[in-house]
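Worksheet: the structure to be examined is printed underneath.
The values are calculated or read from the model by the stated rules, or taken from the named source; none is laboratory data. Fair warning: this is a prediction, and the values are worked out from it, not measured in the lab. Note: ideal-geometry Cβ built from the backbone for every residue, glycine included; neighbour counts use all protein chains shown. The accessibility values were calculated without ligands, DNA or RNA, using every heavy atom of the protein model including side chains. Shrake-Rupley method; radii C 1.70, N 1.55, O 1.52, S 1.80 Å.
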Amino acid sequence: MGQAEQPTADGPVAAEPRRGGGPRGGDGSPGLAFPAGRPSPAADELISSLSQALVRSRRLLAATSALGTVLTVADVADVAFRTAAEDAAVTFAGFVLFGEDGSPGRVLAWPTLSDPVFTDIWVHARNPGPAALGEVVRTGRPRFDRSRAGYLADFPDRRDVFDAIGIDATATLPLIVSGRIIGVLSLAWSGPRSFDEDERAYLRTLTGVYAQAVERARLHERQRSVVETLQRAILPRALPTLPGLKLVARYLPAGRDAEIGGDWYDAAVRPDGTVTLVVGDVGGHGLPAVSAMAELRHAAHAYAIEGRDPAAITTQLSANLVAAQDDVLATAVVATFAPDSGRLTWSCAGHPPPLVLSSAGAEYLDDVHGPMLGVEPGYDYGEESRTLPPASRLLLYSDGLIERRDTSLTDRLDALATAAAACLAAGADELDALCDQLLAEVAGPQGREDDVCLLATRGG
């Protein structure tokens, strides 16, 4: 039978002083005496116990530090499984996390096993995870099985799973946060294990550290999901369709370890039949950034429909932020394009310059530039105009496409222009293909530090 842990009264154990005429302490009380020349077996045991306690304390500190830097449940599991393997010498570790209704909702295991004997029972079953899960949840106490004999005596149907994983001793511990069980941790070893009281205490403490990290990560994931859903709801569902003009947009959220930012794009048809294009980026991340982004995006859209020129739009957006006095800053590029003539007018407020692709190559439109929105009260932004060559492509983008911590902005702009020109030379003539290739080559598939917005046009 496995041993379900019983409540114990932990407390210091006083060493009984030696009676008689042995050595005395500084206050005259009896001291501890050992035979001369070699410590006693009791001293050896004490030294060994203290040494193990110090090692375990260091391991707990290292695990806590590592878990403090991760944001997702998958990353918590990676750290937890690695530390369990390195510090507790386990050969298998698994989380079963409960959903809001208390039912098992997510299973993570290490190593990743594809054997149906394991996956059918541990992952895909109606009640996944270790067979002892129900007992541990019911009692709220860990269960330690020194060998497979005790576990399989209670759960004989798990013999094939034990054989498939190659395990013997097991520990099944509840993940408890604020008195609530949020899941179960299963640890297993390839051989028998004594599970003395010191090891049990260590595993209980380690499980508590894991539980807090899992709960923080789940809260972060829920918040991120809400913010990302809100952001996607604010972005335009469809771009306008105009004769002689093709519009394509792409949005990519930041990598899973970064927070959602306030990047946005938009396109609005003006009363004269021209189209206003906007890409912007609110400083900061999370719900405040998305909220500010919504205000700016809707305001810019309204100003465009009114027929305001790009400089008037950037000037008014900046004045709005200054008047709000909430320390929100943003960047934006606003452009008006006439499909029939190819005439482009643009205004830039602290934002990366537009990129034009034509048969002559790639060229940045950096003739006009102003400060970030909301920085200078009363600032009047300028604008420039140019007639683009027929069939030109115009790219507006947020800084998440080009900025990297370890590379200068100039080098990243050069890389974008080179990649865009190469895509055209390689035959990526359609805007969809061009955008997808640029995102793959310049933004990268993962590890992005910021959101990415890309708005592309082709006239003629």
Region 63-93, subset open to solvent by 30 Å² or more (accessible area, probe 1.4 Å) and among the charged types (D, E, K, R), residue farthest from G166 (Cα to Cα): D78
Mind listing just one residue for me: the one in region 307-320 that is aliphatic (A, V, I, L, M) and open to solvent by 20 Å² or more (accessible area, probe 1.4 Å) and, of those, nearest to the chain's Cα centre (by Cα)? A319
Just to check your reading of the model, which residue among T345, T418 is open to solvent by 80 Å² or more (accessible area, probe 1.4 Å), hydroxyl-bearing (S, T, Y) and at pLDDT 90 or above? T418
Which ones in region 421-436 are more than 14 Å from S359 (Cα to Cα) and open to solvent by less than 90 Å² (accessible area, probe 1.4 Å)? L431, D432, A433, L434, C435, D436
In region 139-151, anything surrounded by 17 or more Cβ atoms within 10 Å (Cβ to Cβ) and free of Cβ contacts under 8 Å to residues at least 24 places away in the same chain is listed as R148
Does F162 satisfy the criteria of being more than 32 Å from the chain's Cα centre (by Cα), within 25 Å of S103 (Cα to Cα) and in a strand (DSSP E or B)? no
Pairs only if they're at least six apart or on different chains, beta carbon under 6 angstrom, first in region 363-388 and farther than 20 Å from G284 by Cα, second open to solvent by 70 Å² or more (accessible area, probe 1.4 Å) and in a strand (DSSP E or B); list them, first residue then second. D367/E384; V368/E384; T387/R343
Conditions (1) at pLDDT 85 or above; (2) assigned to a helix (DSSP H, G or I); (3) out of contact with any Pro (no Cβ under 7 Å at 6 or more places or on another chain); number of the one not met by R204: (3)
Working only within region 120-138, note down all residues that are β-branched (V, I, T), out of contact with any helix residue (DSSP H, G or I) (no Cβ under 9 Å at 6 or more places or on another chain) and either open to solvent by 40 Å² or more (accessible area, probe 1.4 Å) or at pLDDT below 90 (or both). V123, V137
Selection from region 176-202 of residues over 14 Å from P130 (Cα atoms) and among the aliphatic types (A, V, I, L, M) yields I176, V177, I181, I182, A201
Close pairs from region 175-197: first among the charged types (D, E, K, R), partner open to solvent by 70 Å² or more (accessible area, probe 1.4 Å), Cβ under 9 Å, at least 6 apart: R193/R146; E197/T8
Conditions first: (1) farther than 21 Å from G342 by Cα; (2) in contact with a Gly (Cβ under 6 Å, 6 or more places away or on another chain); (3) not hydrophobic (A, V, I, L, M, F, W, C). P390 passes all but one, so which condition is the exception? (1)
Scan region 103-138 residue by residue and report those that are closer than 26 Å to A201 by Cα and free of Cβ contacts under 8 Å to residues at least 12 places away in the same chain. G134, R138
Considering only region 379-415, state which residues are open to solvent by 70 Å² or more (accessible area, probe 1.4 Å) and under 17 Å from E363 (Cα atoms). E384, T387, P390, L409, T410, D411, D414
Can you tell me which residue within region 212-258, out of those that are touching a Gly at 6+ places or on another chain (Cβ under 7 Å) and surrounded by fewer than 19 Cβ atoms within 10 Å (Cβ to Cβ), is modelled with the highest pLDDT? G244
Do you know which of the residues in region 58-74 that are in a helix (DSSP H, G or I) and within 13 Å of the chain's Cα centre (by Cα) is nearest to Y202 (Cα to Cα)? L67
From G361, G370, G273, G374, which residue is open to solvent by less than 50 Å² (accessible area, probe 1.4 Å) and under 30 Å from V226 (Cα atoms)? G374
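Residue by residue, here is whether (1) at pLDDT 90 or above; (2) of a type in the set (D, E, K, R); (3) over 34 Å from the mean Cα position of the chain (by Cα) holds:
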| residue | (1), (2), (3) |
| --- | --- |
| E384 | yes, yes, yes |
| L388 | yes, no, yes |
| Y397 | yes, no, no |
| G400 | no, no, no |
| R404 | no, yes, no |
| L409 | no, no, no |
| A422 | no, no, no |
Do we find a residue being at pLDDT 65 or above and not basic (K, R) anywhere in region 12-30? no
So, first residue under 16 Å from V452 (Cβ atoms) and in a helix (DSSP H, G or I) in region 275-302, second residue open to solvent by 10 Å² or more (accessible area, probe 1.4 Å) and β-branched (V, I, T), Cβ within less than 8 Å, six or more apart or across chains; the pairs are V290/V227; V290/I234; M293/I234
Residue within region 130-137 that is more than 25 Å from Q212 (Cβ to Cβ) and part of a loop (DSSP other than H, G, I, E, B) present: yes
I'm trying to understand the selection: among the residues of region 117-175, which are within 20 Å of A89 (Cα to Cα) and of a type in the set (V, I, T)? V161, I165, I167, T170, T172
Considering only residues that are outside any loop (DSSP other than H, G, I, E, B) and of a type in the set (V, I, T), look in region 324-342 and name the one that is surrounded by the most Cβ atoms within 10 Å (Cβ to Cβ). V334
